[in-house]
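Engineer: Could you have a look at this structure, given as structure tokens, before my questions?
The values are calculated or read from the model by the stated rules, or taken from the named source; none is laboratory data. The structure displayed is predicted, hence computed values, not measured ones. Cβ: placed from backbone, ideal geometry, glycine included. Neighbour counts: every protein chain shown. Ligands, DNA and RNA are excluded from the accessible area calculation, which covers all protein heavy atoms including side chains. Shrake-Rupley method; radii C 1.70, N 1.55, O 1.52, S 1.80 Å.
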Amino acid sequence: MSPEAIAPESGASTPPTSRGGPVSFNAKHLLGIEPLSVDQIQLILETAKSLREISTRPIKKVPTLRGKTVINLFFEASTRTRTSFEIAAKRLSADAINISTSASSIVKGETLVDTARNLEAMAPDVIVIRHSSAGAPHQLAGSCTACIVNAGDGAHEHPTQALLDALTILDHKPSLQGLRVAIIGDIAHSRVARSNCLLLGKMGARVTVCGPPTLLPVGFERMGAPDGSLTVTDRMDEALEGADVVMMLRIQMERQREAFFPSVREYFRYYGLTARRMRSAKPDAIIMHPGPINRGVEIASEVADGPYSVILGQVASGVAIRMAVLYLVIGGREQAPRVAEG
Amino acid sequence: MTALLVKGGRVIDPAQELDHVSDVLLEDGRVSRIAPGLQAPGSTVLDASGLVVSPGLIDIHVHLREPGREDEETIQSGSEAAAAGGFTSICCMPNTDPVNDNPAVTSFILKEAERRALTRVFPIGAISAGSAGERLAEIGEMVNAGAIGISDDGKGVMDGQLMRRAMEYSLPFKIPIIEHCEDLNLSAHGCMNEGYQSTVLGLKGMSRTAEDAMAARDIMLAELTGAHIHIAHLSTSGAADLVRQGKSKGIHVTCEVCPHHFTLSDAACRDYDTNTKMSPPLRTEEDIEALLEAIVDGTVDCIVTDHAPHNPNEKMLEFDQAPFGIIGLETALGLVLTRLYHPGLISLPRVVELMSTQPAQLINQPLGHLKAGAAADLTLFDPDAEWTYDLGKTRSKSRNSPFHGTALKGRVAATIVGGKIVYQSSEYFNE
């Protein structure tokens, strides 16, 4: 048997490269998309592509991170993201420990820093943190020696979501460069929108964000690419016009009580995605949603379950992206992941 | 008879239009004479050559946390920080536990200050009982006990009718109504200025309009009632315009500005450092420009610190959960000199006006000048000394400042209260 036969897919064991040469991740934490360079984003995407194949094997496990400890520290309810990180860690043979706890330091009677120091004493290699307060991962990074991965902090960033969205788009489109992406919904409270605008902006896509004016935060037009290619609109048809990708965001029911919009019915009339509205987009446009979806609130079932929906593809990409991120922050900064079955 | 002779300093007293090198003789706690070449046998001599000698600095917006949060600050420790910052008088806000909304608390503060404080302490009473914004506190009783103004500082008085009543009721007492201008519905749940930075950081913003709207209402109520409204810690260009307009219409409106608001913008929140969280929040570069302009054109009446000590345990929380406020007594003069005097925006006599002469007038106290017979409260400072602020050396019981490690130009050399030296820097004097 030739060596190539062991490698399941050609290219899987060669170092990811960008702009012609090998690159290193060279970052200890993944706190957000904002501090990442284009090269670092590309490295994560390339690494994820090469690791994705592991999840298709009969034995879905490689020894790459054997002996490493990953703590999933979730201060906010989450099934999808936590499970995704846990599976990612386990497929790389890391030991994954899940901690779900109350978000508020005040309620808990222990500060975030104290919680972190306690965990630190158990010598984890990575702490994956989800927290309802923006900036919590940054505060953790300032007081821990472990690698910190942001799994969503308040309305700030959700970098692995933006990365998995990019990976999903690339399954359907040749490049992010010049792609027209519409992001529609509750922009104000969305970390997914922020991370996606930052990532897509860096990668040369043209993003339009859309929602009722009450849910469009001040200065959002400056969130995108430095060339000012990000557009903000309160007209859904304008956002959908010629879109290659349509990303719908979840609407929290409690926003009604906070008077951001009068009713779900009215919201859906103006900002719900229907098959009819999709006619404004390109014929081959794909539809994405970070989940969990509210059928009939921000997206009609016919669209969510329709042929252009790649929502489940996003979930699959999530595992690959998180494997890549764990691998790269732990130390796979130079060499390619060992993906040979073992 | 005790006498202190301050020799050879540059004496600046805007109240007398004094600005020349002279000696100042202090006797029995009062200013006795100002003249060059004074001799006073038997008196203690303080060599002030190379230093500015001014009437003692007055900070009319300080939180001393006593009674209730003595872990954060006490009247004693706060006054020690004040003295080290060159302040000879401080006015303490009523949001203690219990709230200073009755004469018993007012008297307690004054008694405690008399026993332990290095500086003069003037209590500010609450506008409403418990500062709950529902019914008037015993304003007359508190004034009788020694309160020099009223405020529900920490939050705005949301009920316009209550504010009108407070203004009307206070007229015979001739006290300023000091308002923390913040429409709490408009700013709801915000933890920093609303703008591009809050959008990037994913933090809830406090709109500048929350401050402007309430300032507009209060200035209109002051016009209606004839009361003296003093806008606390003014931080926006809009509120500065409103005060400027109000003054030009002859309304009795005054305002104060904090050094942090004309030094840092909301970009300072980028690292989620909770020492950049205060209310009103750090605003934008445009607001900073507007505040500087308002200071230069005389719209701003005084500089205050809004010294707000917090236990480090609470400042260790997540940004949106941490309490508002920073300490500022020991950095105020340095920041004013660094940001306003050295770039040539205002003169040294103007610095003294903003930090001594005018605040004394605002609280109706016979302080802030060095006329013969005045209280012997003096601040000696070196306007050109370069130093770096070190939180490790603060006299405050708290450590919540964003200015640790900041290079400043202009430093306090000594502070004299009632003819007694309450602080002298080892950089200038051997004790």
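Engineer: For B:Ala308, state whether it is surrounded by 24 or more Cβ atoms within 10 Å (Cβ to Cβ), aliphatic (A, V, I, L, M) and over 30 Å from A:His131 (Cα atoms). Before you say what the answer is, go through the steps one by one.
Structural biologist: Numbers: surrounded by 24 or more Cβ atoms within 10 Å (Cβ to Cβ): yes; aliphatic (A, V, I, L, M): yes; over 30 Å from A:His131 (Cα atoms): no.
The answer is no for B:Ala308.
Engineer: Please specify each residue of region B:50-64 satisfying the condition of being under 15 Å from the mean Cα position of the chain (by Cα) and part of a strand (DSSP E or B). Walk me through it before giving the result.
Structural biologist: Step one: list which residues in region B:50-64 are under 15 Å from the mean Cα position of the chain (by Cα), which gives B:56-64.
Scanning region B:50-64 gives B:Leu57, B:Ile58, B:Asp59, B:Ile60, B:His61, B:Val62.
Engineer: Do we find a residue being within 14 Å of chain A (Cβ to nearest Cβ), at pLDDT 95 or above and open to solvent by 30 Å² or more (accessible area, probe 1.4 Å) anywhere in region B:214-230? Can you show your working first?
Structural biologist: To start, the set of residues in region B:214-230 that are within 14 Å of chain A (Cβ to nearest Cβ) comprises none.
No, because not a single residue in region B:214-230 is within 14 Å of chain A (Cβ to nearest Cβ), at pLDDT 95 or above and open to solvent by 30 Å² or more (accessible area, probe 1.4 Å).
Engineer: Of the residues in region A:35-59, how many are in a loop (DSSP other than H, G, I, E, B) and either of a type in the set (Ser, Thr, Tyr) or surrounded by fewer than 17 Cβ atoms within 10 Å (Cβ to Cβ) (or both)? I'd like the intermediate steps shown before the answer.
Structural biologist: As a first pass, look at region A:35-59 and keep what is in a loop (DSSP other than H, G, I, E, B): A:35-37, A:57-59.
Filter again for either of a type in the set (Ser, Thr, Tyr) or surrounded by fewer than 17 Cβ atoms within 10 Å (Cβ to Cβ) (or both), leaving A:35, A:37, A:57-59.
So the count comes out to 5.
Engineer: Something else: Just one of (1) closer than 30 Å to B:Met167 by Cβ; (2) of a type in the set (D, E, K, R); (3) within 12 Å of chain A (Cβ to nearest Cβ) trips up B:Arg283, so point out which.
Structural biologist: Among (1) closer than 30 Å to B:Met167 by Cβ; (2) of a type in the set (D, E, K, R); (3) within 12 Å of chain A (Cβ to nearest Cβ), B:Arg283 violates only (3).
Engineer: Only one residue in B:Lys247, B:Lys277 is within 14 Å of chain A (Cβ to nearest Cβ), crowded, with 17+ Cβ neighbours inside 10 Å and among the basic types (Lys, Arg), so which one is that?
Structural biologist: Numbers: B:Lys247 fails: within 14 Å of chain A (Cβ to nearest Cβ).
Selected residue: B:Lys277, the only one of B:Lys247, B:Lys277 that is within 14 Å of chain A (Cβ to nearest Cβ), crowded, with 17+ Cβ neighbours inside 10 Å and among the basic types (Lys, Arg).
Engineer: Moving on to the next point. Answer with yes or no whether B:Gly130 is surrounded by fewer than 18 Cβ atoms within 10 Å (Cβ to Cβ) and more than 23 Å from B:Thr394 (Cβ to Cβ).
Structural biologist: Numbers: surrounded by fewer than 18 Cβ atoms within 10 Å (Cβ to Cβ): yes; more than 23 Å from B:Thr394 (Cβ to Cβ): yes.
Considered against the rule, which asks whether it is surrounded by fewer than 18 Cβ atoms within 10 Å (Cβ to Cβ) and more than 23 Å from B:Thr394 (Cβ to Cβ), B:Gly130 comes out as yes.
Engineer: Could you identify the single residue in B:Arg208, B:Arg244, B:Arg270 that is in contact with a Leu (Cβ under 8 Å, 6 or more places away or on another chain) and basic (Lys, Arg)?
Structural biologist: Working: B:Arg208 fails: in contact with a Leu (Cβ under 8 Å, 6 or more places away or on another chain); B:Arg244 fails: in contact with a Leu (Cβ under 8 Å, 6 or more places away or on another chain).
Every option except B:Arg270 fails the conditions.
Engineer: While we're here: Can you tell me which residues in region B:163-213 are away from chain A (no Cβ under 14 Å) and in contact with a Cys (Cβ under 6 Å, 6 or more places away or on another chain)?
Structural biologist: Selection gives B:Glu211 alone.
Engineer: State all residues of region A:60-76 that are out of contact with any Gly (no Cβ under 8 Å at 6 or more places or on another chain) and either at negative phi or surrounded by 23 or more Cβ atoms within 10 Å (Cβ to Cβ) (or both); if no residue qualifies, say none.
Structural biologist: Residues of region A:60-76 that are out of contact with any Gly (no Cβ under 8 Å at 6 or more places or on another chain), as a first pass: A:60-61, A:65-75.
Result: A:Lys60, A:Lys61, A:Leu65, A:Arg66, A:Lys68, A:Thr69, A:Val70, A:Ile71, A:Asn72, A:Leu73, A:Phe74, A:Phe75.
Engineer: Identify all residues within region B:284-305 that are farther than 17 Å from B:Gln358 by Cα and open to solvent by 10 Å² or more (accessible area, probe 1.4 Å); write none if there are none.
Structural biologist: Step one: filter region B:284-305 for residues farther than 17 Å from B:Gln358 by Cα, giving B:284-293.
Scanning region B:284-305 gives B:Thr284, B:Glu285, B:Glu286, B:Glu289, B:Ala290, B:Leu292, B:Glu293.
Engineer: Take the conditions in contact with a Leu (Cβ under 7 Å, 6 or more places away or on another chain) and in a helix (DSSP H, G or I) and apply them to B:Ile295. Does it pass?
Structural biologist: Values: in contact with a Leu (Cβ under 7 Å, 6 or more places away or on another chain): yes; in a helix (DSSP H, G or I): yes.
Against the criterion (in contact with a Leu (Cβ under 7 Å, 6 or more places away or on another chain) and in a helix (DSSP H, G or I)), B:Ile295 qualifies.
Engineer: Taking the residues in region A:124-149 that are assigned to a helix (DSSP H, G or I) and aliphatic (A, V, I, L, M) as candidates, determine which candidate is most open to solvent (accessible area, probe 1.4 Å). Explain how you work it out, then say what you get.
Structural biologist: Quick first cut of region A:124-149, residues assigned to a helix (DSSP H, G or I) only: A:136-143.
Then keep just the ones that are aliphatic (A, V, I, L, M); that gives A:136, A:140-141.
Working: A:Ala136: 0, A:Leu140: 1, A:Ala141: 21 Å².
Ranking the candidates gives A:Ala141 first.
Engineer: Go through region A:183-204 and report how many residues are farther than 13 Å from A:Ala162 by Cα and either more than 13 Å from every other protein chain (Cβ to nearest Cβ) or open to solvent by less than 10 Å² (accessible area, probe 1.4 Å) (or both). Walk me through it before giving the result.
Structural biologist: Within region A:183-204, the subset farther than 13 Å from A:Ala162 by Cα is A:184-189, A:204.
Checking which are either more than 13 Å from every other protein chain (Cβ to nearest Cβ) or open to solvent by less than 10 Å² (accessible area, probe 1.4 Å) (or both) leaves us with A:184-187, A:204.
Qualifying residue count, region A:183-204: 5.
Engineer: Let me ask something additional. Do we have any residue at all in region B:288-298 that's touching a residue at least 24 places away in the same chain (Cβ under 8 Å) and over 21 Å from the mean Cα position of the chain (by Cα)?
Structural biologist: Keep residues of region B:288-298 that are touching a residue at least 24 places away in the same chain (Cβ under 8 Å), which gives B:288-297.
From what's left, over 21 Å from the mean Cα position of the chain (by Cα): none.
Looking for residues that are touching a residue at least 24 places away in the same chain (Cβ under 8 Å) and over 21 Å from the mean Cα position of the chain (by Cα), one finds none in region B:288-298, hence no.
Engineer: Still on this structure: Starting from residues that are open to solvent by 70 Å² or more (accessible area, probe 1.4 Å) and outside any loop (DSSP other than H, G, I, E, B), keep the ones in region A:226-253 and report whichever is farthest from A:Gly204 (Cα to Cα).
Structural biologist: A:Met253
Engineer: Which numbered condition in (1) open to solvent by 10 Å² or more (accessible area, probe 1.4 Å); (2) outside any helix (DSSP H, G or I) is the only one that A:Val113 fails?
Structural biologist: (2)
Engineer: If B:Glu314 satisfies all but one of (1) crowded, with 23+ Cβ neighbours inside 10 Å; (2) out of contact with any Cys (no Cβ under 9 Å at 6 or more places or on another chain), what's the number of the condition it fails?
Structural biologist: In the conditions (1) crowded, with 23+ Cβ neighbours inside 10 Å; (2) out of contact with any Cys (no Cβ under 9 Å at 6 or more places or on another chain), B:Glu314 misses (1) alone.
Engineer: I would also like to ask the following. Kindly evaluate B:Gly149 against the criterion of being touching a residue at least 60 places away in the same chain (Cβ under 8 Å) and in contact with a Pro (Cβ under 6 Å, 6 or more places away or on another chain). It would help to see each step written out before you state the result.
Structural biologist: Numbers: touching a residue at least 60 places away in the same chain (Cβ under 8 Å): yes; in contact with a Pro (Cβ under 6 Å, 6 or more places away or on another chain): yes.
In short, yes.
Engineer: Follow-up question, since we're still on this one. Which one of these is at pLDDT 95 or above, touching a helix residue (DSSP H, G or I) at 6+ places or on another chain (Cβ under 7 Å) and within 14 Å of chain B (Cβ to nearest Cβ): A:Leu45, A:Leu112, A:Leu92, A:Leu31?
Structural biologist: On the way: A:Leu45 fails: within 14 Å of chain B (Cβ to nearest Cβ); A:Leu112 fails: at pLDDT 95 or above; A:Leu92 fails: within 14 Å of chain B (Cβ to nearest Cβ).
After ruling out the rest, the residue left standing is A:Leu31.
Engineer: Scan region B:347-358 and tell me whether some residue there is over 20 Å from the mean Cα position of the chain (by Cα) and without any contact (Cβ under 8 Å) to a residue 40 or more places away in the chain. Reasoning before the result, please.
Structural biologist: Taking region B:347-358 first, the residues over 20 Å from the mean Cα position of the chain (by Cα) are none.
The answer is no; no qualifying residue exists.
Engineer: Name every residue in region B:300-329 that is within 12 Å of the chain's Cα centre (by Cα), under 15 Å from B:Leu64 (Cβ atoms) and either part of a loop (DSSP other than H, G, I, E, B) or within 14 Å of chain A (Cβ to nearest Cβ) (or both), in order of residue number.
Structural biologist: Quick first cut of region B:300-329, residues within 12 Å of the chain's Cα centre (by Cα) only: B:301-308, B:327-329.
Next, only the ones that are under 15 Å from B:Leu64 (Cβ atoms) stay: B:304-308, B:327-329.
The answer is B:Val304, B:Thr305, B:Asp306, B:Ala308, B:Ile327, B:Gly328, B:Leu329.
Engineer: Another one. Which of (1) within 14 Å of another protein chain (Cβ to nearest Cβ); (2) modelled with pLDDT of 95 or more; (3) farther than 25 Å from A:Arg194 by Cβ is the odd one out, the single condition A:Val107 does not satisfy?
Structural biologist: (2)
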